[in-house]
Amino acid sequence: MGNTGYKSFASLELYYTDDGSSAGVQPKPNVVTDPDYIAPVLDTVTCAPSIRFYNTERKLSAKKNDCPRGYSGSTATLVAPSNLFFSTVNIADANAKADAWLAANVQSYANNSGTCEVTYIPPSGGGGSGGCFVEGTLISLPDGSRKPIEELQRDQMLLSAEIETLIDTNDANELYKWSAEHLSETRIVSPITQISEKLASKTMIVNDGLFEATPTHLQLIQRDGFWKFISLGDIQVGDNLYTIDKEIISVTSVTINLEERKIYPLTLNPFHTYFANGILTHNYKQAY
């Protein structure tokens, strides 16, 4: 370990203070619990300290790996502050000790401090009903008018939005990888390439009827300062939505409806966003 510059005492001996002579009592161990314990004293003359080298600040990141199925763990960074570890050899050796400590502890740190984010889980049953809105949902057309979703037809043009930084795709797995701190979009138009009528036994109602769609519907929301796409079934009170008037509104209520409802999966191409009841959303990848 090397000298610290402190001199400690292994044993204590009783002596007379007037002349410094021994009292004839056998020495006893110098232990911390003894009332007579004498702590080490700094003596850099007769006990010169060894040179110490301290680590620089070191960091190591790991991804939280204990999230349940359907969730992805965030990345957390564990820090070894400077001067936490020392070596009598060199700085590289001190840094190696810091790195070893980081490697041994970073995963548990990530699991304890990281968060789990929803990832895309494809609808079961290979195709199924998909994510889509219920009958009566008003879809915005390029001229600013709105039309019930059940009255839409193939090749009809819808008002769409091209989102900056988003490489728009019908692949939900890719959509769920995207996020942005700021939402910037340009209004465009896109045609319906597929639309059909199906039945759903479970839907999600947001803000007491603002809109209603199946739990697997891909919805644009803002959460914790980031815009992202999630399954509607994972929407939470406090999330934000983006409107056709470029306003941000909060989700104030989410309820589940188990009554059978008509739904209308629709697919657009080449752009896949549209406005449903004035809320910017995403289409469903229709199974052919």
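The number of residues in region 134-149 being within 16 Å of His217 (Cβ to Cβ) and not in a strand (DSSP E or B) comes to 4.
From the residues in region 8-37 that are of a type in the set (A, V, I, L, M, F, W, C) and within 27 Å of Pro49 (Cβ to Cβ), which one is farthest from the chain's Cα centre (by Cα)? Talk me through it step by step, then tell me what you get.
The initial filter retains those residues of region 8-37 that are of a type in the set (A, V, I, L, M, F, W, C), namely 9-10, 12, 14, 23, 25, 31-32.
Now drop any that are not within 27 Å of Pro49 (Cβ to Cβ), which leaves 9-10, 12, 31-32.
Values: Phe9: 54, Ala10: 54, Leu12: 59, Val31: 51, Val32: 48 Å.
This residue is Leu12.
In region 47-57, the count of residues that are surrounded by 14 or more Cβ atoms within 10 Å (Cβ to Cβ), in contact with a Leu (Cβ under 7 Å, 6 or more places away or on another chain) and polar (S, T, N, Q) is one or more. Taken over region 152-186, residues that are out of contact with any His (no Cβ under 8 Å at 6 or more places or on another chain), surrounded by 14 or more Cβ atoms within 10 Å (Cβ to Cβ), within 26 Å of Gln222 (Cβ to Cβ) and touching a residue at least 12 places away in the same chain (Cβ under 8 Å) amount to 13. Checking each residue in region 188-215 for being out of contact with any strand residue (DSSP E or B) (no Cβ under 6 Å at 6 or more places or on another chain) and more than 20 Å from Phe133 (Cα to Cα) picks out no residue at all.
Please determine, by comparing only the residues of region 220-269 that are of a type in the set (Val, Ile, Thr) and outside any strand (DSSP E or B), which one is farthest from the chain's Cα centre (by Cα).
Per the stated criteria, the residue is Ile244.
Quick one: is Tyr264 farther than 24 Å from Glu117 by Cβ, surrounded by 20 or more Cβ atoms within 10 Å (Cβ to Cβ), touching a residue at least 24 places away in the same chain (Cβ under 8 Å) and in contact with a helix residue (DSSP H, G or I) (Cβ under 6 Å, 6 or more places away or on another chain)? So Tyr264 fits the description; yes. Tell me, which strands (runs of 3 or more DSSP E) lie completely within region 53-133 with 2 or more residues that are modelled with pLDDT of 85 or more? It comes to 58-63, 75-80. Looking across region 214-233, the residues that are surrounded by fewer than 21 Cβ atoms within 10 Å (Cβ to Cβ) and closer than 22 Å to Leu199 by Cα come down to Pro215, Gly233.
Which of the residues that make up region 7-29 are part of a loop (DSSP other than H, G, I, E, B), closer than 16 Å to Ala39 by Cα and not aromatic (Phe, Trp, Tyr)? Even if it seems obvious, please write down each step before you answer.
So the first thing to find is which residues in region 7-29 are part of a loop (DSSP other than H, G, I, E, B), and the list is 8-10, 13-14, 16-21, 23-27.
Checking the rest, the ones that are also closer than 16 Å to Ala39 by Cα come to 8-10, 13.
Within region 7-29, Ser8, Ala10, Glu13 qualify.
The values are calculated or read from the model by the stated rules, or taken from the named source; none is laboratory data. What you are looking at is a predicted structure, and each value in this text was computed from that prediction instead of being measured. In this analysis, Cβ positions are derived from the backbone assuming ideal geometry, glycine residues included, and neighbour counts consider all displayed protein chains.
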